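S.K.: Got a structure here, written out as structure tokens. Questions coming.
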Amino acid sequence: MEKPLTKHIMQDGSQLELKNYVQAGGYLVIHKVLKKMSPADVINEVKAANLLGRGGAGFSAGVKWSFITADKEAEPIRYLVCNADEMEPGTFKDRLLMEQHPHQLIAGMIITSYAIQANKAYIFLRWAYKKSETVLRKAIAQAYEAGYLGKNILGSGYDLDLYVHTSAGRYMCGEETGLLNALEGKRAIPRDKPPFPAISGLFGKPTVVNNVETLSNVPHILENGAGWFKSLSLTGEGGTKLYGVSGRVKNPGLWELPLGTPMREIIENYAGGMTNGYKLRAALPGGASTDFIMESQMDVAMDFASLVPLKSRLGTGTIIVLDDKTCPVAFIHNLEKFFALESCGWCTPCREGLPWVEKILKSIEEGNGKESDLEILKFHTHYCAPGHTFCAHAPGAMEPLQSGLIYFHDDFIRHINEKHCPWRS
Amino acid sequence: MLTEKEKYEILDEAKLYPYPSAACLDALKIVQHRRGWITDESVSDIAALLSLSTEHVDGVATFYSRIYRHEVGRHVILICDGISCMIMGYEPVYEYIAEKLGIRFGETTSDKRFTLLPVSCLGDCDHAPSMMINNDLYNDLTLEKIDHLLEKYV
Ligand SMILES: Cc1cc2nc3c(=O)[nH]c(=O)nc-3n(C[C@H](O)[C@H](O)[C@H](O)COP(=O)(O)O)c2cc1C
Ligand code: SF4
């Protein structure tokens, strides 16, 4: 099984140094791309590879890049922004790629910037990732010194400056256009679309925003070709995926596996199954803003298309496991408290609705709920659905709630009838 | 009043952007780094330096969780209350620390040594429960570990 993203990642947790990456053939691809390929060639290769965005939405990276005008004279300034805000609860994959394999990301950003003809690129990094910051700043300095960044890279005539920007903590900084506002020093409130960032993004210029894992895949596609990349996955969606598991499993962690690996295999074979004394009930496939998958459904392939018929989605691919000793109402309450707190307050359904949902869940969990409360919760899953709010935050927040109300109906009813949480003595 | 050094650092950061007002958040971080938190006076000073309204700067300052508009202690303890840490038991960790320091979330010890705050998922879910003290991450927390950890911060 090929593992391009993590094959050089060292078990002791240390970072891959520039010299070791170069020795392993890394950065060679930069010579090939900058000297032998046109920006359009790069875009076409990545399009053909079917690299789908690993930030959660699964949009084709090559297609996104092709929205940037090829007319460099008409639009001389354009930007690439790497979304390294990773704040989705239960998600810890980008951290690994930045802390231990910074040059792979930098190489991906050089190629992507070249493809969209950007001369400036930013890594928008979550404030909490202190180690990532140190590692990235050092790696960028090394890359400048070695001539992979800066003016006239490797004598190709192409210039690129790369900056690290650390944020100050808000989930909305991860939302594509909220991120652009944050980078401009404003509140991280999303922008109206259209115009999409490809037309008017950072400082009003054409901009591409891509996730860390998406960009880290790019050097491998250009090195080995679109056909090779597609063959890595078990389904039609190209490549491998960095899957994670957290919760009461024997061996929580991250594994790079072919895209489309069944959920059960990831939990049983890689995460080692449940900790002794705990039973598997359900899981969120890819972070807090995805719908529950029940134990009986876990043979589903973990890719973008296969989870849709189960009314869920791949999201970030980091699985959060719900065991039999954790109260599902408390679980959902924890998520909705997060979403309520992180609402940017711009639009009414989200600003007013999420705190209401949170309060109701709290009162049910504390034994003060009524059956009519379930109707109010259900009402919100429609009221905050896609199309009713300004951005995807509130719809995302409704995903674990709407599926939880169905799958854990009996548990909700028990809280209400018994007037306390059955999981708390 | 901003010090000369603060002004220099802020204006230096502002050079990275097409216009200086984009350095608003950087300015808040620079001042907070030196003074621990952001006072009303600092908000006005930053606004004046970057030609922004005080309302704009305060709007930015109050939006972000890691900009403090209230005084905090010398060390800030951030306990992750994300979903994976909930499953793995952040609550006993919180109760233990709260009891030991005599403060709840949002409070500061009377000697101004510690402020205790919740923080959303730290992206360290395979080593839950986790917390940060200032810039340092601690994970796979057990109650035994905590006493020893707090001693390092005087
Ligand atoms: C509320 C919210 C938070 C988000 N947070 C992140 C994040 O932390 N990291 C990320 O890569 N994408 C995040 N996204 C998705 C981005 O909007 C965007 O789709 C993504 O960065 C695009 O990159 P990709 O195409 O490479 O996946 C978030 C979306 C929403 C609505
Ligand atoms: S849905 Fe929520 S987070 Fe998104 S714009 Fe509206 S209030 Fe802000």
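The values are calculated or read from the model by the stated rules, or taken from the named source; none is laboratory data. Note that the coordinates shown come from a computational prediction; the quantities given were computed from them, not determined experimentally. Every residue, glycine as well, gets a Cβ built from its backbone with ideal geometry; the counts of neighbours run over all protein chains shown. Calculation scope for accessible area: heavy atoms of the full protein, side chains included, ligands and nucleic acids excluded. Shrake-Rupley method; radii C 1.70, N 1.55, O 1.52, S 1.80 Å.
S.K.: Which fully enclosed helices (runs of 4 or more DSSP H) of the stretch B:1-63 have 1 or more residues being hydroxyl-bearing (Ser, Thr, Tyr), more than 21 Å from A:Gly169 (Cβ to Cβ) and modelled with pLDDT of 95 or more?
M.R.: Fully inside the stretch B:1-63 and qualifying: B:4-14, B:40-50, B:54-63.
S.K.: Before we move on, is A:Gly174 within 14 Å of another protein chain (Cβ to nearest Cβ), in contact (Cβ under 8 Å) with a residue 12 or more places away in the chain, crowded, with 19+ Cβ neighbours inside 10 Å and in contact with a strand residue (DSSP E or B) (Cβ under 8 Å, 6 or more places away or on another chain)?
M.R.: So A:Gly174 fits the description; yes.
So that you can scan it fast, the table gives a plain yes or no per residue for (1) buried (at least 21 other Cβ atoms within 10 Å of the Cβ); (2) in a helix (DSSP H, G or I); (3) more than 14 Å from every other protein chain (Cβ to nearest Cβ):
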{"position": "A:Pro219", "(1), (2), (3)": "yes, yes, yes"}
{"position": "A:Gly236", "(1), (2), (3)": "no, no, yes"}
{"position": "A:Leu242", "(1), (2), (3)": "yes, no, no"}
{"position": "A:Leu254", "(1), (2), (3)": "yes, no, no"}
{"position": "A:Asp291", "(1), (2), (3)": "yes, no, yes"}
{"position": "A:Ser312", "(1), (2), (3)": "yes, no, yes"}
{"position": "A:Gly315", "(1), (2), (3)": "yes, no, no"}
{"position": "A:Ile320", "(1), (2), (3)": "yes, no, no"}
{"position": "A:Val329", "(1), (2), (3)": "yes, yes, no"}
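S.K.: Would you please list the contacts, defined by Cβ atoms under 8 Å and residues six or more apart or on different chains, that run from a residue in the stretch A:375-387 that is within 14 Å of ligand 2 (Cβ to nearest atom) and at pLDDT 95 or above to a residue that is in a helix (DSSP H, G or I) and β-branched (Val, Ile, Thr)?
M.R.: Pairs that qualify, where the first residue is within 14 Å of ligand 2 (Cβ to nearest atom) and at pLDDT 95 or above and the partner is in a helix (DSSP H, G or I) and β-branched (Val, Ile, Thr), are A:His380/A:Val357.
S.K.: Name the pairs: first residue in the stretch A:340-359 and modelled with pLDDT of 95 or more, second residue hydroxyl-bearing (Ser, Thr, Tyr) and open to solvent by 90 Å² or more (accessible area, probe 1.4 Å), Cβ to Cβ under 8 Å, at least 6 apart or on different chains?
M.R.: From the stretch A:340-359, the pairs are A:Pro349/A:Tyr383; A:Gly353/A:Tyr383.
S.K.: Is there a residue being open to solvent by 10 Å² or more (accessible area, probe 1.4 Å), in a loop (DSSP other than H, G, I, E, B) and not assigned by TED's automatic domain parsing to the domain that holds A:Cys173 anywhere in the stretch A:334-344?
M.R.: Scanning the stretch A:334-344, I find at least one residue that is open to solvent by 10 Å² or more (accessible area, probe 1.4 Å), in a loop (DSSP other than H, G, I, E, B) and not assigned by TED's automatic domain parsing to the domain that holds A:Cys173, so the answer is yes.
S.K.: Report yes if some residue within the stretch B:107-117 is touching a strand residue (DSSP E or B) at 6+ places or on another chain (Cβ under 9 Å) and part of a helix (DSSP H, G or I); otherwise report no. Full working, then the answer.
M.R.: If we filter the stretch B:107-117 for residues that are touching a strand residue (DSSP E or B) at 6+ places or on another chain (Cβ under 9 Å), which is where we start, we get B:107-109, B:113-117.
Still in the list and also part of a helix (DSSP H, G or I): none.
No.
S.K.: Here's something else I'd like to know. Report those helices (runs of 4 or more DSSP H) wholly inside the stretch A:1-52 carrying at least 2 residues which are over 23 Å from the mean Cα position of the chain (by Cα) and of a type in the set (D, E, K, R).
M.R.: A:28-36
S.K.: Can you pull out every residue in the stretch A:155-171 that is away from every other protein chain (no Cβ under 14 Å) and either within 16 Å of ligand 2 (Cβ to nearest atom) or buried (at least 16 other Cβ atoms within 10 Å of the Cβ) (or both)?
M.R.: Within the stretch A:155-171, A:Tyr158, A:Leu160 qualify.
S.K.: Right, next: Can you spot a residue in the stretch A:352-370 that is more than 28 Å from A:Ser425 (Cα to Cα), outside the structural domain of A:Asn269 (by TED's automatic domain parsing), within 20 Å of the chain's Cα centre (by Cα) and within 16 Å of ligand 1 (Cβ to nearest atom)?
M.R.: There is no residue in the stretch A:352-370 that is more than 28 Å from A:Ser425 (Cα to Cα), outside the structural domain of A:Asn269 (by TED's automatic domain parsing), within 20 Å of the chain's Cα centre (by Cα) and within 16 Å of ligand 1 (Cβ to nearest atom).
S.K.: Tell me, which residue of the stretch A:177-217 that is in a helix (DSSP H, G or I) and more than 14 Å from ligand 1 (Cβ to nearest atom) is nearest to the other protein chains (Cβ to nearest Cβ)? Please lay out each step first, then the result.
M.R.: From the stretch A:177-217, those in a helix (DSSP H, G or I) are A:177-183, A:202-204, A:212-217; that's our starting set.
The next check asks that each one be more than 14 Å from ligand 1 (Cβ to nearest atom); those that pass are A:203-204.
Working: A:Phe203: 5, A:Gly204: 9 Å.
So, considering only residues that are in a helix (DSSP H, G or I) and more than 14 Å from ligand 1 (Cβ to nearest atom), the one nearest to the other protein chains (Cβ to nearest Cβ) is A:Phe203.
S.K.: What is the number of the single condition among (1) open to solvent by 30 Å² or more (accessible area, probe 1.4 Å); (2) under 26 Å from A:Asp323 (Cβ atoms); (3) without any contact (Cβ under 8 Å) to a residue 12 or more places away in the chain that B:Met88 does not meet?
M.R.: (3)
S.K.: Moving on to the next point. Does the stretch A:296-325 hold any residues that are in contact with a strand residue (DSSP E or B) (Cβ under 8 Å, 6 or more places away or on another chain) and under 20 Å from A:Lys279 (Cβ atoms), and which are they?
M.R.: Across the stretch A:296-325, the qualifying residues are A:Met298, A:Asp299, A:Val300, A:Ile319, A:Ile320, A:Val321, A:Leu322, A:Asp323, A:Asp324.
S.K.: Pairs needed: first member in the stretch A:110-130, under 12 Å from A:Asn210 (Cα atoms); second member anywhere, assigned to a loop (DSSP other than H, G, I, E, B) and open to solvent by less than 10 Å² (accessible area, probe 1.4 Å); C-beta distance under 9 Å; at least 6 residues apart or different chains.
M.R.: Cβ pairs passing all conditions: A:Thr112/A:Ala118; A:Ser113/A:Arg78; A:Phe124/A:Asp85; A:Phe124/A:Ser167.
S.K.: Only one of A:Ala271, A:Ala301 is outside the structural domain of A:Gly169 (by TED's automatic domain parsing) and without any contact (Cβ under 8 Å) to a residue 60 or more places away in the chain; which? Step through it out loud before you land on a result.
M.R.: Values: A:Ala301 fails: without any contact (Cβ under 8 Å) to a residue 60 or more places away in the chain.
Exactly one of A:Ala271, A:Ala301 is outside the structural domain of A:Gly169 (by TED's automatic domain parsing) and without any contact (Cβ under 8 Å) to a residue 60 or more places away in the chain, namely A:Ala271.
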